[in-house]
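Here is the structure we will look at.
The values are calculated or read from the model by the stated rules, or taken from the named source; none is laboratory data. Since we're looking at a predicted model, the values are computed, not measured. Neighbour counts run over all protein chains shown; Cβ positions are idealised from the backbone, glycine included. To get the accessible areas, we keep the full protein, side chains included, count just its heavy atoms, and leave off ligands, DNA and RNA. Shrake-Rupley method; radii C 1.70, N 1.55, O 1.52, S 1.80 Å.
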Amino acid sequence: MSDTLQPNLNPFALAKELSNTLLIDGKFQAALSGKRFGIVNPATGETIAEAADAGAADVDLAVTAARRAQKEWRKLHPRERGRLVGECGRLLAAHAEEIARLVSLETGKALRTESRVEAGVLADVFTFFGGLGGEIKGETVPFKTESLTITQREPLGVVGAIIPWNVPLMLMALKIAPAMVAGNTVIVKSAEEAPLAVLRACQIMNQLLPPGVLNILSGDGPGAGAPLVAHKGVNKITFTGSVETGKIVARTAAEKLIPVTLELGGKSPMIVMGDADLDRAVAGAVTGMRFTRQGQSCTASSRIFVHASLHDAFLAKLKAKVDAMVMGDPLDETTDIGAIISVPQFDKVKNYIGLGEADGTAHRCSALPKDPKLAKGLFVQPVIFTGVSNDHRVCREEIFGPVTALIKFEDFDDAIDQANDTEFGLAASIWTKDLKWALDATQRLEAGVVQVNQNMVVQANMSYGGVKSSGLGKEATLESMLEHFTTKKTIILSLV
């Protein structure tokens, strides 16, 4: 793909242009079976495009191309690979607006508050990892005086990257940028709900990358994902998705004895102590709950433990903040909150809201859009629950929607114990002015990422990954690139 692509700011036209295509060996092609499936705009219910429905035969083609390309790609100097990946970042930055509009169209995320941010992070991740090519280096080992012992880092081979629909651009970048800099070639399997923006991003990058280095397939889990994980020519799987599917991926990879990185679910706690800055904590809850993303985030602060002395004031201020947010057309610049991704997810969220209403008090926020064109859209009012305990289903199970629970507490130790009483361990935060409480919480909270007085989103150079059922391994840093996308070889040279 050597032709220079020009940004296309009409997401509807771009969606049609990308219809029914896989990207294999640097070329667009339909699925070998000819099958395709519809892509629906969650804000209107209208079909905006069709995606090629890849199967095992397409996976085999992509693996063959990736293995062939990897033989030459690994020979490139790491800094040259880094230079190319960094140039991908700069090219993606030039296309950021078109990519943002496209991901808003297919996912229902608000352009101003969500998609532009994600498109910017996409470019930044490639630029960041592009600068780390020179850090792929080994060590000298004091083994024996009569020998020189060194280690060197080598690529794994072909990496299969399976990504979700909630932040597809960012999570794809965190997987494929370090994999390629490390000398691997990649096959992405996109989420069937959101295959378009990531396909466009890969098309843009293929203007720079050698054919076969970066391939992307669309399709469902059983048809495309499972054959990719099971393929004997794939040497590593990196997966983001549900716990249940992650376990299936891990079992299949174990049969092949290949490494996996898994970023799975979360039920992230936020602890607000009695001395916390109330306004700052409320703003942090809005950010942490990812309300602008309709709560569709693994790290969403879906359990907020608030000290009894602040509980009522916190609830009032949080509700007022979310009430002020505008729900509407994702492509409208005035919209803060967009739509839920799909009908099954919409039904799941509504079901959990019903469960919570049966046992607690639901404080509904914001307002559904009144535009008749959005009447069939998958819009849900954010809900803050009170009066439900930490053992209620809305506090135990990942909802992946705009639903959070405020849980009152009196004792610090009790709040820590309740926060840890979950199968998940992805993210957590504590809000306090007391340094002792803050440091104690960072040591005792069982999560891969713990923040104090902030709820930052994932970004380059911020080590990200969970413990317990939230996954295996870390992403987004130099360390993660070395540990998850290279293998260490020991070389011993006799000096006698």
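Take the Cα coordinates of the chain, assign each an equal point scatterer, and use the Debye formula without solvent to give log10 I(q)/I(0) at q = 0.10, 0.13 Å⁻¹. Computed log10 I(q)/I(0) values: -0.76, -1.21.
Expressed in units of 2.2 N^0.38 Å, where N is the residue count, the Cα radius of gyration of the stretch 308-402 is 1.15.
For the stretch 239-387, with the dipole built from +1 on Lys and Arg beta-carbon atoms and -1 on Asp and Glu ones, taken about the Cα centre, which of Cys365, Thr261, Gly274 lies farthest toward the positive end? The one lying farthest along the dipole's positive direction is Thr261. The phi-based Karplus calculation (6.51 cos²θ - 1.76 cosθ + 1.60; θ = phi - 60°) puts the 3J(HN,Hα) values of the stretch 290-300 at 6, 4, 5, 9, 6, x, 8, 8, 5, 9, 3 Hz, whole numbers, x for Gly and Pro. Backbone geometry of the stretch 321-328 corresponds, through the Karplus equation with coefficients 6.51, -1.76 and 1.60 at θ = phi - 60°, to 3J(HN,Hα) couplings of 4, 6, 4, 6, 7, 9, 9, x Hz, x marking Gly and Pro.
Express in % the proportion of alpha carbon pairs of the stretch 395-436 at distances exceeding 12 Å. Spell out each step's value before the answer.
On the way: 617 of 861 pairs.
Everything past 12 Å amounts to 72 percent.
The charge dipole of the stretch 371-485, taken about its Cα centre with unit charges on the Cβ atoms of Lys, Arg (+1), Asp and Glu (-1) only, comes to about 520 debye.
Where Lys and Arg each count +1 and Asp and Glu each count -1, what net charge lies around Arg116 among other residues with Cβ under 14 Å from its Cβ?
Here the charged neighbours net out to -4.
Between Ala324, Ile216, Cys298, the Cα set farthest toward the positive side of the dipole of the stretch 194-324 (charges on each charged residue's Cβ, about the Cα centre) is that of Ile216. Here the extension length gained between Thr287 and Asp417 equals 44.4 nm, from 0.36 nm per residue of separation less the Cα-Cα distance. Counting charges near Val159 (Lys, Arg +1; Asp, Glu -1) among other residues having Cβ under 10 Å from its Cβ returns a value of +2.
Of the whole protein surface, Leu148 contributes about 80 Å² of accessible area at a 1.4 Å probe radius. Surface listing: Lys137, Lys468, Lys267 arranged by accessible area from highest to lowest gives Lys137, Lys468, Lys267, probe 1.4 Å. Distances between placed amide hydrogens fall under 5 Å for Thr261 paired with Ile237, Thr238, Phe239, all partners being 5 or more residues away or on another chain. Couplings 3J(HN,Hα) of the stretch 35-43, computed from phi: 6, 8, 9, x, 10, 10, 6, x, 7 Hz, in residue order, whole Hz [Karplus 6.51 cos²θ - 1.76 cosθ + 1.60, θ = phi - 60°; x for Gly and Pro]. Measuring between alpha carbons in the structure, the pairs from Lys137/Lys489; Lys71/Lys232; Lys321/Lys433; Lys433/Lys474; Lys267/Lys468 lying more than 20 angstrom apart are Lys321/Lys433; Lys433/Lys474. The solvent-accessible area of Met270, taken with every protein chain present and a 1.4 Å probe, is close to 0 Å². Close amide H partners of Arg36, meaning residues 5 or more places away or on another chain with modelled amide H under 5 Å apart, are Asp53.
Taking Cα centre as origin and charging only the Cβ of basic (Lys, Arg, +1) and acidic (Asp, Glu, -1) residues, the dipole magnitude of the stretch 257-339 rounds to 320 debye. For the stretch 370-412, the list of GluC sites (Glu not before Pro) that fall in a loop by DSSP and count at most 12 other C-beta atoms within 10 angstrom reads Glu410. Please report the accessible area of Leu482 (heavy atoms, 1.4 Å probe, ligands and nucleic acids excluded) in Å², nearest 10. About 30 Å², ignoring ligands and nucleic acids.
Charging the Cβ of each Asp and Glu at -1 and of each Lys and Arg at +1, and nothing else, the dipole of the chain about its Cα centre rounds to 1300 debye.
Solvent-accessible surface of protein heavy atoms, probed at 1.4 angstrom with all chains present, puts Trp437, Trp431 in the order Trp437, Trp431, largest first.
Report, in deg cm²/dmol and to the nearest 500, the calculated mean residue ellipticity at 222 nm for the chain, where each DSSP H run with n ≥ 4 adds -39500 (n - 2.57) and the sum is divided by the residue count. Show your work: numbers first, answer last.
Working: 16 runs with 184 residues, N = 496.
Result for the chain: -11500 deg cm²/dmol, rounded to the nearest 500.
Which peptide among 487-493, 414-420 comes first, and what is the full order, when sorted by highest mean count of other Cβ atoms within 10 Å? Before the final figure, lay out the partial values.
Numbers: 487-493: 11.4, 414-420: 19.1.
By packing density, highest mean first, the sequence is 414-420, 487-493.
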